[in-house]
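I have placed the structure first, in the form of structure tokens, so that the comments after it can refer back to it.
The values are calculated or read from the model by the stated rules, or taken from the named source; none is laboratory data. Quick caveat: nothing in here was measured; it's all calculated off a predicted structure. All Cβ positions, glycine included, derive from the backbone under ideal geometry; neighbour counts span all protein chains shown. For the accessible areas, the whole protein counts, side chains as well, though only heavy atoms, and no ligand, DNA or RNA atoms are used. Shrake-Rupley method; radii C 1.70, N 1.55, O 1.52, S 1.80 Å.
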Amino acid sequence: QSALTQPPSASGSPGQSVTISCTGTSSDVGGYNHVSWFQQHPGKAPKLIISEVIKRPSGVPDRFSGSKSGNTASLTVSGLQAEDEADYYCSSKADDNILLFGGGTKLTVL
Amino acid sequence: QVQLVQSGAEVKMPGASVKVSCETSGYSFNNYDINWVRQGTGQGLEWLGWMNPYSGATNYGQKFQGRVIMTSDPSKGTAYMELSSLRSEDTAVYFCARFPRHYLSTLDYWGQGTLVTVSP
């Protein structure tokens with residue numbers, strides 16, 4: 001039951017695009033289309049921004065998009081804005097019906 | 001509107017137990033399951049387990065098996081998470097979050113978090 005692997009940090013200038021990866025195995029990310037992404041600002045609860053790999057909940061800007069290839073899922077933030085600066089976490093359903101999280105990525109808007 | 005409101009901060013001695021509540025409203029309690037997640041200071045998210053408030057079924061993370069119990073009171077729309085044999089490394093903010101049944105990673109609404117501090 002190892003955590004999913006995310007880069008600890010990512011950055012981009014306003015208006016640019018940035019992609020954050022989330023790597024697992026065939027027992028989790030690669031085996032299920034149950035990958036989600038969460039945005040967390042300091043002192044706040046996480047907020048769901050992508051579910052089931054590619055679905056955006058109501059109210060989430062379309063600047064946020066998700067994808068998956070093999071055992072790696074990705075979150076792309078296009079047209080970076082200052083308010084996108086936050087921590088981002090991926091999660092995936094895994095074998096034995098458990099949930100795994102990535103270690104988190106701190107996104108800095110330069 | 002959907003709300004999950006958690007109980008207040010707790011300070012516990014090592015070896016003690018803590019029980020955190022998660023009072024829900026704005027949706028049908030029995031139609032969604034509840035995940036419990038924690039976050040140490042400056043740390044990432046860690047999954048403790050999930051429960052089905054309707055059937056009482058649970059699934060705990062391997063790390064917490066034997067120390068965690070998740071229950072619910074459907075009449076109050078409230079879920080509970082009890083963690084025993086507390087140690088300093090259990091100091092964290094504990095969150096409840098609902099998810100649509102069978103969509104384990106879709107944690108669409110979260111509680112505000114409960115800080116549990118374990119200190120002698």
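Taking max minus min of the alpha-carbon positions on each principal axis, region A:30-110 gives extents of 39, 25, 23 Å, largest first.
Applying 1/(1 + (r/R0)^6) with R0 = 45 Å to the Cβ-Cβ distance of residue B:88 and residue B:2 gives a FRET efficiency near 0.85.
Any idea of the accessible area per residue across region B:47-104, 1.4 Å probe, to the nearest Å²?
Dividing the accessible area of region B:47-104 by its residue count gives 44 Å².
Taking a straight line from the alpha carbon of residue B:19, these lysines sit under 29 Å away, with near neighbours fewer than eight places off in the same chain left out: A:44, A:47, A:93, B:63, B:76.
When the surface is traced with a 1.4 Å probe over the full set of protein chains, residue A:85 keeps roughly 80 Å² accessible.
Note every residue of region B:44-58 with a reduction of at least 20 square angstrom in accessible area, all protein chains present versus the isolated chain, computed with a 1.4 Å probe, or write none. Buried by 20 Å² or more upon assembly, which counts only protein chains, are B:44, B:45, B:47, B:50. Computed from protein heavy atoms with a 1.4 Å probe, the total accessible area buried between A and B is close to 1700 Å². With Cα atoms as the point set, chain B shows a radius of gyration and Dmax of 13.4, 40 Å. Cα-based values for the protein assembly as shown, radius of gyration first and Dmax second, are 17.2, 51 Å. Under the simplified labelling scheme, the residue A:26-residue A:85 pair shows an inter-label distance of 4.3 nm, with each label point 7 Å from Cα along Cα→Cβ. Per the Cα gyration tensor, region B:5-55 maps to an equivalent ellipsoid with semi-axes of 24, 14, 12 Å, ordered largest to smallest.
Ligands, DNA and RNA excluded, the heavy atoms of residue B:63 present near 120 Å² of accessible surface to a 1.4 Å solvent probe.
Give me the percent of accessible area attributable to carbon and sulfur for chain A, probe 1.4 angstrom. Carbon and sulfur: 46 percent of the exposed surface of chain A. Where nothing but the Cβ of Lys and Arg (+1) and of Asp and Glu (-1) is charged, how large is the charge dipole of region B:1-113 around its Cα centre, in debye to the nearest 20? About 120 debye. The share of C-alpha pairs in region B:50-120 whose separation exceeds 14 Å stands at 66 percent.
Sites count as exposed loop sites when they are trypsin sites (Lys or Arg not before Pro), lie in a DSSP loop, and have at most 16 other Cβ atoms within 10 angstrom; the longest stretch of chain A without one is A:64-110.
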